Amino acid sequence: MADKNKKVIQWDRRNILDLKDLSKEEIDLVLETAKSFKEVSKRDVKKVPTLRGKSVVTLFFEPSTRTRASFELAAKRLSADTINIAASQSSISKGETILDTARNLEAMNVDLIIVRHGCAGVPDELAKHLKGSVVNAGDGCRAHPTQALLDMFTIQERFGKIEGLHVGIVGDILHSRVARSNIWGLKKLGAKVTLCGPPTLMPIGIEQMGVDVSYDLNEVIEKVDVLMLLRLQRERQKDNFLPSLREYAKYFGVNKKKLSKAKKDLVIMHPGPTNRGLELSSEIADGDNSLILDQVTNGVAVRMAILYLLLGTKT
Amino acid sequence: MADKNKKVIQWDRRNILDLKDLSKEEIDLVLETAKSFKEVSKRDVKKVPTLRGKSVVTLFFEPSTRTRASFELAAKRLSADTINIAASQSSISKGETILDTARNLEAMNVDLIIVRHGCAGVPDELAKHLKGSVVNAGDGCRAHPTQALLDMFTIQERFGKIEGLHVGIVGDILHSRVARSNIWGLKKLGAKVTLCGPPTLMPIGIEQMGVDVSYDLNEVIEKVDVLMLLRLQRERQKDNFLPSLREYAKYFGVNKKKLSKAKKDLVIMHPGPTNRGLELSSEIADGDNSLILDQVTNGVAVRMAILYLLLGTKT
Amino acid sequence: MADKNKKVIQWDRRNILDLKDLSKEEIDLVLETAKSFKEVSKRDVKKVPTLRGKSVVTLFFEPSTRTRASFELAAKRLSADTINIAASQSSISKGETILDTARNLEAMNVDLIIVRHGCAGVPDELAKHLKGSVVNAGDGCRAHPTQALLDMFTIQERFGKIEGLHVGIVGDILHSRVARSNIWGLKKLGAKVTLCGPPTLMPIGIEQMGVDVSYDLNEVIEKVDVLMLLRLQRERQKDNFLPSLREYAKYFGVNKKKLSKAKKDLVIMHPGPTNRGLELSSEIADGDNSLILDQVTNGVAVRMAILYLLLGTKT
């Protein structure tokens, strides 16, 4: 499994909290490592003994089917033992701090905690006080580093590179941890990033992250190599960020007609779950240019790589 | 484990959706294969490496403890990795189609999805679009093929045959996927089937499936070899199908007195969970003629056989 | 793994229901066995094949993250297959008795059921009718034997003995299964036990268990070697057992000032989850005298020992 000697030298990170912290070299290493793990999931026997006897806990304070399943499959294919804890944010109010919860898991000699929480910074707070590893599976509107890594893996797989590509990220940038993590990662790897969405969903001053901003999807479509669509969280609509879903779909939804002026090899990405008819038409979601299911496939490989780098190279 | 060469030749089915589709030979093969797997669960080490490295997902849109546990044990005893997803039907309304959910699981290289859903036809719809295998663990009022297979296994185990036996199915036929799947299977294997229940719970025209219908349990009891009682779902009582539970128990509940005119070797079956005092008295549920717990035991063996036939013979 | 021959001879218990039933020798054997298993969780590969092919079910009728995780980790580190069932007490009212649920699991050839239930006696009722093993993970206000065993293991680890020590148990004794199990266990091993708490939360006649009772924490603190604090279940406060949480914290909460007259090597224990600021201050919870996280660590070892003794020595 990969060139161990080389990797042990380069990787000394204990947690994956935010791509802001990772160097270009570290990101490259994750992507390279994921390549060899992608092959494992294609085998008849999708299992390697790499993390046998390691205990991995998913600690999800927000419901998630797909991300939890992706991590759980990744851990199981590496032969780790997995424990799922679906915690309600309200249980915290019963008196125990989240730190106590995590310390308890550590006291049980858990090697790695995969945490998702509605509040930004919770994974870092855990990591600060724990000896084991922490992987951020999404915290508030801040970071979702494994999603961005699998997105970059998917782009690199298709184009053979990331440097010099132009990526458009479309939708509710304001609330998107996926957007933030992708911006950090893509910029480090040399891509140009243009954000696009309604003004009410565009964070003020976001240009300081080194990105362009546009409010005109048609203009963006003509220029980019990758169009990364964000999930519109309908439950937020009550906050009046949008006049209507229909209007959102009209201006920021992607359909075949809008793509007529795009580059031939433009690819469409979406972190899922998609709202068909809203962020994109079914035609586009299921079309030749869509990498949406590749992203899901690569998610398992990238998460296997991360678990391996965090746990498998220790002795 | 069984005579592989023989079986690989006969079995080329990718899914188990409805016994309506299976041939007599295929059903026979499942029952025969289950025999060898039944022995595994009696061992001290209840585990064979048959499906090592396979990923099996239970995707349940209706709550179920026992069916899910039975499938999960079956998969684990075959050394497959299992992931449980308890989906609420409401989550589908959040924008993602069930097909997207399934495609995502397939993109994660899941080998087999065990699905239960309140709507008839959902497993078929999944199977139509997926490359992996689908097992129907109950869809609406339509089919519950693994339940019927374990029922037939249990009958065959007791009587040494199914052909020529007379099976009475008693209760809420209208809403019963268990009844429908048993009718398909039992008729294919040459049993005579008589349905019995209140007229309001008997589907109009059901005789076209090749069964007899009776509204008099006493009359049925005298003739049959097997009395298969259906669970009465109390939550349906509000729909006024029944005058009262008490009346149901009086006319269609089985107790010792009613069995006085039955054949000596009559057996009582029930898919569980039982309503003691309603469909049957405790005396009968726990009596010598009851095969209820055998059904549960055989459920694991039959499900192991199905997982093996769908996944284990591929190369 | 330990001296098997010796142990097979001594241990012939099928269930762990209540420490009331265990002899001093049996408790000693659990504690001694746990020592060798504690080492497993410190290894790089935290896994031994002891219970390979055994099926262990957690059947929890009360929500619990930490106890379930502790048992699940224990089972997985022994290579058992685990199935989690989170049952709602209300589902029982749907017609199936808890005994039917358990019999069904046994019919699936489950080797051991770990049960938690709000009603005292449920685990015993299950054990009476089942051939497999039952471990009580807490029943009502009556018993929580694995918690008491891990508490005793932790005390013995620190002091090298239990006999002759003086243990103070502080808090809501009335509702505490942890207190009851510890009293049974500690008395059998020769400790002196003093209970302390508000009069409204002290069971009448509890002295008959061979313990002292005090209503003055300061007085108790001066005398004891171990101070075992119980979780105050805030949800009970509506029953008016306490004037206010603030008053409870004032009289029965432990802080640095109150410990000034304590023995130098006094240790603080708590079954968790703690209510910081109520039963104890953060300073004390995280202080040098606190064994709270040791208890958690030892919980896995003790549960491994119990699973091993109940299942691993059979042939």
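This table checks each residue for (1) in contact with a Ser or Thr (Cβ under 6 Å, 6 or more places away or on another chain); (2) outside the structural domain of C:Lys42 (by TED's automatic domain parsing); (3) surrounded by fewer than 21 Cβ atoms within 10 Å (Cβ to Cβ).
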residue	(1), (2), (3)
C:Leu59	no, no, no
C:Ser70	no, no, no
C:Ser79	no, no, yes
C:Leu99	no, no, yes
C:Asn136	no, no, no
C:Asp151	no, yes, no
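If you take the residues of region C:63-79 that are among the polar types (S, T, N, Q) and closer than 24 Å to C:Val45 by Cβ, which of them is farthest from the other protein chains (Cβ to nearest Cβ)? In this case the residue turns out to be C:Ser79. Determine, yes or no, whether A:Phe37 is buried (at least 24 other Cβ atoms within 10 Å of the Cβ), within 13 Å of chain B (Cβ to nearest Cβ) and under 16 Å from the mean Cα position of the chain (by Cα). No.
The residues of region B:206-227 that are assigned to a loop (DSSP other than H, G, I, E, B) and among the small types (Gly, Ala, Ser) amount to a single one, B:Gly210.
Scoring B:Arg231 on the criteria (1) among the basic types (Lys, Arg); (2) assigned by TED's automatic domain parsing to the domain that holds B:Leu149; (3) farther than 23 Å from C:Thr97 by Cβ leaves a single failure, condition (3). Taking region C:184-200 as the range and being outside any helix (DSSP H, G or I) and within 20 Å of C:Met152 (Cα to Cα) as the test, the residues that pass are C:Leu189, C:Gly190, C:Ala191, C:Lys192, C:Val193, C:Thr194, C:Leu195, C:Cys196.
Of all residues in region C:1-35, those satisfying the criterion of being within 30 Å of A:Pro49 (Cβ to Cβ) and modelled with pLDDT of 95 or more are C:Thr33, C:Ala34, C:Lys35. Scan region A:228-244 and give yes if some residue there is surrounded by 15 or more Cβ atoms within 10 Å (Cβ to Cβ), over 22 Å from B:Asn104 (Cβ atoms) and at pLDDT 95 or above, otherwise no. Taking every residue of region A:228-244 in turn, none turns out to be surrounded by 15 or more Cβ atoms within 10 Å (Cβ to Cβ), over 22 Å from B:Asn104 (Cβ atoms) and at pLDDT 95 or above.
Would you check if B:Gly190 is at positive phi, buried (at least 23 other Cβ atoms within 10 Å of the Cβ) and touching a residue at least 24 places away in the same chain (Cβ under 8 Å)?
The answer is no for B:Gly190.
Mind listing just one residue for me: the one in region C:107-121 that is within 17 Å of the chain's Cα centre (by Cα) and among the aliphatic types (A, V, I, L, M) and, of those, surrounded by the most Cβ atoms within 10 Å (Cβ to Cβ)?
Result: C:Ile114.
Screening C:Val178, C:Val170, C:Val135, C:Val193 for residues that are among the aliphatic types (A, V, I, L, M) and closer than 20 Å to C:Ala87 by Cα leaves exactly one candidate, C:Val135. Can you pull out every residue in region C:153-170 that is at negative phi and either of a type in the set (Gly, Ala, Ser) or not assigned by TED's automatic domain parsing to the domain that holds C:Asn182 (or both)? If the condition is that a residue be at negative phi and either of a type in the set (Gly, Ala, Ser) or not assigned by TED's automatic domain parsing to the domain that holds C:Asn182 (or both), then C:Gly168 is the only one that fits.
Among the residues of region B:153-170, those identified as closer than 17 Å to B:Gly299 by Cβ and crowded, with 22+ Cβ neighbours inside 10 Å are B:Phe153, B:Thr154, B:Ile155. Taken as a whole, the condition of being surrounded by fewer than 20 Cβ atoms within 10 Å (Cβ to Cβ), among the charged types (D, E, K, R) and assigned by TED's automatic domain parsing to the domain that holds C:Leu165 does not apply to C:Asp225. Highlighted here are the helices (runs of 4 or more DSSP H) found entirely within region B:80-183 that include at least 1 residues which are more than 14 Å from chain A (Cβ to nearest Cβ): B:122-129, B:145-159.
Is one or more of the residues making up region A:140-149 surrounded by 24 or more Cβ atoms within 10 Å (Cβ to Cβ) and either within 22 Å of A:Leu217 (Cα to Cα) or modelled with pLDDT under 95 (or both)? Yes, region A:140-149 has at least one match. If you check B:Thr200 against the conditions, is it touching a helix residue (DSSP H, G or I) at 6+ places or on another chain (Cβ under 6 Å) and of a type in the set (Val, Ile, Thr)? Considered against the rule, which asks whether it is touching a helix residue (DSSP H, G or I) at 6+ places or on another chain (Cβ under 6 Å) and of a type in the set (Val, Ile, Thr), B:Thr200 comes out as no.
Taken together, the residues in region C:276-315 that are within 12 Å of chain A (Cβ to nearest Cβ) and either free of Cβ contacts under 8 Å to residues at least 60 places away in the same chain or more than 30 Å from C:Val134 (Cα to Cα) (or both) amount to 11. Residue check: is A:Pro203 modelled with pLDDT of 95 or more, within 30 Å of A:Thr82 (Cα to Cα) and not in a helix (DSSP H, G or I)? So A:Pro203 fails the test. On the given criteria, is B:Ile155 of a type in the set (Val, Ile, Thr) and farther than 28 Å from A:Thr58 by Cα? Here the answer is yes, as B:Ile155 does meet what is asked. Hey, among the residues in region A:171-185 that are over 9 Å from A:Leu230 (Cβ atoms) and polar (S, T, N, Q), which one's surrounded by the fewest Cβ atoms within 10 Å (Cβ to Cβ)? Result: A:Ser181. Candidates are the residues of region A:261-315 that are of a type in the set (Val, Ile, Thr) and farther than 24 Å from A:Lys35 by Cβ; the one that is farthest from the chain's Cα centre (by Cα) is A:Ile284.
The values are calculated or read from the model by the stated rules, or taken from the named source; none is laboratory data. Every value quoted in this text rests on a predicted model; they were computed, and no experiment measured them. Backbone-built Cβ (ideal geometry, glycine too); neighbour counts: all protein chains shown.
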